[in-house]
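Visitor: The structure that follows is given in the form of structure tokens.
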Amino acid sequence: MTNSTKTLCPYCGVGCGLEVLPPAQPGKPVNRDSEGTPIWQVRGDRNHPSSLGKVCVKGATVSESLEKSRLKYPMMRDSLTDEFRRVSWDEAMEAIVNRMQTLRLTQGPDALCMYGSGQFQTEDYYIAQKLFKGFLGTNNFDANSRLCMSSAVAGYTQSFGSDGPPCCYEDLELTDCAFLIGTNTAECHPIVFNRLRVHHKKNRKVKMVVVDPRRTQTAEAADLHLAIKPGTDIDLFNGIAYLLMRWGRIDTFFIDECTQNFSAYADVIRHYPPELVARNCGIRIDELEKAAQYWGDSERVLSLWSMGINQSSEGTAKVRTLINLHLMTGDIGKPGAGPFSLTGQPNAMGGREAGGLCNILPGYRVINNPQHRAEVEQFWKLPQGSIQPQRGRTAWEMIQGLETGEVGFLWIAATNPAVSMPDIKRTQAALKRSPFTVYQDAYYPTETSAYAHILLPAAQWSEKTGVMTNSERMVTLCPQFRDPPGEARPDWEVFAEVGRRLGFTEGFNFKTSAEVYAEFVQITEGRPCDSSGLSHDKLRTYGPLQWPYPDAWPWLEGEDLEQQNRTNKRLYTDFRFNTPDGRARFAAYHSKGLAEPTDEAYPFVLTTGRLYGHWHTQTRTGRIPKIQKMHPDPFMEIHPQDAAKLNIEENTFVEVRSRRGKARFLAKITKAIAPGTLFIPMHWGALWAEDAEANALTHPNACPTSLQPELKACAVQVKVATEEEWVITSSESEVQSSELRVI
Ligand SMILES: Nc1nc2c(c(=O)[nH]1)N[C@H]1C(S)=C(S)[C@@H](COP(=O)(O)OP(=O)(O)OC[C@H]3O[C@@H](n4cnc5c(=O)[nH]c(N)nc54)[C@H](O)[C@@H]3O)O[C@H]1N2
Ligand SMILES: Nc1nc2c(c(=O)[nH]1)N[C@H]1C(S)=C(S)[C@@H](COP(=O)(O)OP(=O)(O)OC[C@H]3O[C@@H](n4cnc5c(=O)[nH]c(N)nc54)[C@H](O)[C@@H]3O)O[C@H]1N2
Ligand code: SF4
Ligand SMILES: [Mo]
């Protein structure tokens, strides 16, 4: 078909290729959604190397979400109790720039913050870094990846000397044994799961082990499901290491030649005998032995993980103790093996490349390295010392800065923190105190629009051209194929114009996103994520390409191109790592357990997560009838034993309380969850259900290294809800309802 566009699914980090076609095709009825609006047709792109034509329900239905409830014009108001009024871009920009200038002079640049997102394209991310970290001189840029990938970033960086998942999806079809830890891959990375599942079904010798406190759809497919107690992953990993050591199933050559710090690690793991580990994890000794046996007996072990590992107060330690097992057995740098972090959002990977967290800089550089700062300053033609030597505020520290008054300007883009941040009542109260909040989003209303002084309409995926990187380092160009609604503009364009209006005319003089990308790739030259050979043109001509992709690589065709592309599928194939001495580092961590253990008053561990059909705070999927039907209501999973003790019946309301707040859900009684543990999906904010916010309960305590909050566990109590006790008094809900009348 000549008028089709090849692009990338804008939802999860699997990064499936899509082919989209206009609503009207010759000789066929116009494609329409259930309300009769013409919508683009979507199908899997068979030529995309990551997904080979497959899509899940989210990708397949994405075009149904693109027209509804869009924010079309800039809007402004003086205070949160006022109604919004439509303003011109010029007026909105004036107000933003004036505010930024005033604050820089009165409070200094650190009073300014931007909270961005893994749903930015790389160009958006890059311009935001240049503006904040470079020209404004504050490192206060953080992204929702802080809540998502920062433990993986910290773990990789400390173990290997730099960030970067070393594996590729082909490994899913080459492995002998896949360990899936803290990942509900079947629902959250369905096409990755699909590839692994086909391989697993076809080859009886291939093993699949799932480590998750819940019996998820992923666990259903496993040869072995270890339903460990939440927060006991380090016990498990050290326990497996203990057995591998005892059985002599370790790669001493690899340990001697390619790693450091093994003896400190060996000192730790001798404290993890099977009896103790099984007890701590709440599993049987034979289950633990079986897991260790699968690992030890397999030639090629692949581990896959996501939020069950990262969203933890010991997230970095969890990642590193998992990597330890790969180093111990030499399961890295070869086909079918390696520690593979599954990225959440479509371009969280691109964000890492562009320096999109408060502690990093573009090109896999880090703020606290003077040479890295100097390189970036030089590249941006800024005086030495322009980039501050200390990291900026994390997402949560921005909330704290609103509480103390140190943050005077908060610019939120492509994330919905009034739902997705931990301790949401505290977050909402802080947002309410914010002197000046700019919120740049594609949709209206969202829960966060209630807390904005200025709303800026963003052109989203399909309405702008830019680049995204998926979990396997595959870079795909996402071309514009529809017009943005009203006056919506691409994020990078807005950031660049603010840069120019602040007087940084030269640094932000870009006309197209291709120009922005061309500058960005140069800053990656010679770095682990070297993309200097990539450009919009090249990606348009060749299709998706993986990094590293140095500039020196010639434009090739046919077999030669395929050969070249094979060389960068995996990292560390020469067993040399990005540390100064080329050796990977073992980490010696003991298990610490949960930040908020259960006690008599709060006897249950609450865990939170995702469902197959919904995407996060529902700004898109909540507006798609098919998906609404799949998951109509928020709920709470509880084990039959616990339900019986508390007289809780199926489908009746329960009230859940933590030290921070309360919420109410329909009870779903299931043996899929262990006794003592509860599960609530994260998808329902104030606009989609009354008082069913998972984050009313969660806490912000974070991993001391990655600063990623422990969204996967908090202590709660639960009881049958009685109507009389349920008084909704929150002042935030008043803001919400007045807000809803505006447009
Ligand atoms: N359908 C859908 N897919 C998505 C998304 C979505 O919103 N919807 N979002 C995307 C994003 S941004 C992300 S980050 C990913 C997240 O993808 P996943 O991490 O797979 O999803 P979650 O449901 O958040 O959590 C995964 C599992 O961690 C388990 N868990 C909880 N505590 C522990 C623990 O202590 N140890 C272990 N081992 N496991 C534990 C939970 O029971 C849960 O099943 O999904 C991406 N894909
Ligand atoms: N309890 C609990 N809380 C969690 C988690 C959990 O597991 N449990 N997971 C955490 C994780 S891993 C994540 S990633 C976060 C996700 O949380 P959020 O980032 O808050 O989730 P989204 O709903 O994806 O919000 C993205 C917003 O960006 C807008 N948008 C889409 N495209 C564009 C664009 O191109 N430009 C602009 N400007 N806007 C756009 C959408 O309309 C939407 O409002 O939630 C975190 N919170
Ligand atoms: S698996 Fe992820 S990237 Fe692929 S279609 Fe589904 S949501 Fe999109
Ligand atoms: Mo995420």
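The values are calculated or read from the model by the stated rules, or taken from the named source; none is laboratory data. Just so we're clear, the structure is a prediction, and the values are computed from it rather than from any experiment. Every residue, glycine among them, receives a Cβ derived from its backbone with ideal geometry; neighbour counts consider all protein chains shown.
Visitor: If you go through the stretch 320-339 one residue at a time, do you hit one that is under 24 Å from Tyr517 (Cβ atoms), of a type in the set (Gly, Ala, Ser) and either at pLDDT 95 or above or more than 16 Å from ligand 4 (Cβ to nearest atom) (or both)?
Guide: no
Visitor: While we're looking at this one, here's another question. Of all residues being surrounded by 12 or more Cβ atoms within 10 Å (Cβ to Cβ) and of a type in the set (D, E, K, R) in the stretch 1-45, which is modelled with the lowest pLDDT? Just the residue, please.
Guide: Asp33
Visitor: Considering only residues that are buried (at least 16 other Cβ atoms within 10 Å of the Cβ) and either under 24 Å from Glu19 (Cβ atoms) or among the polar types (S, T, N, Q) (or both), which ones fall in the stretch 543-563?
Guide: Gly543, Pro544, Leu545, Gln546, Trp547, Tyr549
Visitor: Then there is this: Testing Gly344 on (1) away from ligand 3 (no atom under 16 Å from the Cβ); (2) in a loop (DSSP other than H, G, I, E, B), one condition comes back false. Which one is that?
Guide: Unmet condition: (1).
Visitor: If you go through the stretch 376-383 one residue at a time, do you hit one that is touching a Leu at 6+ places or on another chain (Cβ under 8 Å), of a type outside the set (A, V, I, L, M, F, W, C) and over 26 Å from Lys205 (Cα atoms)?
Guide: No, every residue in the stretch 376-383 fails to be touching a Leu at 6+ places or on another chain (Cβ under 8 Å), of a type outside the set (A, V, I, L, M, F, W, C) and over 26 Å from Lys205 (Cα atoms).
Visitor: If you check Asn31 against the conditions, is it more than 32 Å from the chain's Cα centre (by Cα) and polar (S, T, N, Q)?
Guide: Considered against the rule, which asks whether it is more than 32 Å from the chain's Cα centre (by Cα) and polar (S, T, N, Q), Asn31 comes out as yes.
Visitor: Further question: I'm trying to understand the selection: among the residues of the stretch 27-63, which are within 16 Å of ligand 1 (Cβ to nearest atom) and either farther than 23 Å from Thr469 by Cβ or not in a loop (DSSP other than H, G, I, E, B) (or both)?
Guide: Once the filter is applied, which keeps residues that are within 16 Å of ligand 1 (Cβ to nearest atom) and either farther than 23 Å from Thr469 by Cβ or not in a loop (DSSP other than H, G, I, E, B) (or both), the stretch 27-63 yields Val57, Lys58, Gly59, Ala60, Thr61, Val62.
Visitor: Every residue in the stretch 665-681 that is under 15 Å from Val605 (Cα atoms), not hydrophobic (A, V, I, L, M, F, W, C) and not in a loop (DSSP other than H, G, I, E, B), please.
Guide: Result: Thr677, Pro681.
Visitor: Could you identify the single residue in Ser386, Ser449, Ser434 that is in contact (Cβ under 8 Å) with a residue 40 or more places away in the chain, more than 23 Å from Thr705 (Cα to Cα) and more than 16 Å from ligand 2 (Cβ to nearest atom)?
Guide: Going through Ser386, Ser449, Ser434 in turn, just one is in contact (Cβ under 8 Å) with a residue 40 or more places away in the chain, more than 23 Å from Thr705 (Cα to Cα) and more than 16 Å from ligand 2 (Cβ to nearest atom): Ser386.
Visitor: Given Val407, Val419, which one is farther than 27 Å from Thr476 by Cβ, within 16 Å of ligand 4 (Cβ to nearest atom), buried (at least 22 other Cβ atoms within 10 Å of the Cβ) and of a type in the set (A, V, I, L, M, F, W, C)?
Guide: Val419
Visitor: Take the residues in the stretch 240-295 that are in contact (Cβ under 8 Å) with a residue 60 or more places away in the chain and charged (D, E, K, R), then tell me which one is farthest from His326 (Cα to Cα).
Guide: Across the stretch 240-295, the extreme among qualifying residues is Glu287.
Visitor: Between Phe577, Phe679, which is under 27 Å from the mean Cα position of the chain (by Cα), buried (at least 21 other Cβ atoms within 10 Å of the Cβ) and closer than 30 Å to Ala60 by Cβ?
Guide: Phe679 is the lone residue from the list that is under 27 Å from the mean Cα position of the chain (by Cα), buried (at least 21 other Cβ atoms within 10 Å of the Cβ) and closer than 30 Å to Ala60 by Cβ.
Visitor: Residues in the stretch 682-699 that are more than 9 Å from ligand 2 (Cβ to nearest atom) and either in a loop (DSSP other than H, G, I, E, B) or surrounded by fewer than 19 Cβ atoms within 10 Å (Cβ to Cβ) (or both): how many?
Guide: The number of residues fulfilling the criteria is 9.
Visitor: If I ask for residues that are away from ligand 1 (no atom under 16 Å from the Cβ) and of a type in the set (Phe, Trp, Tyr), which ones from the stretch 157-191 would you list?
Guide: Phe160 - this is the single residue of the stretch 157-191 that is away from ligand 1 (no atom under 16 Å from the Cβ) and of a type in the set (Phe, Trp, Tyr).
Visitor: Cβ-Cβ under 7 Å, sequence separation 6+ or interchain: first residue in the stretch 483-495 and over 19 Å from Ser69 (Cβ atoms) and within 16 Å of ligand 1 (Cβ to nearest atom), partner aromatic (Phe, Trp, Tyr) and not in a helix (DSSP H, G or I). Which pairs?
Guide: none
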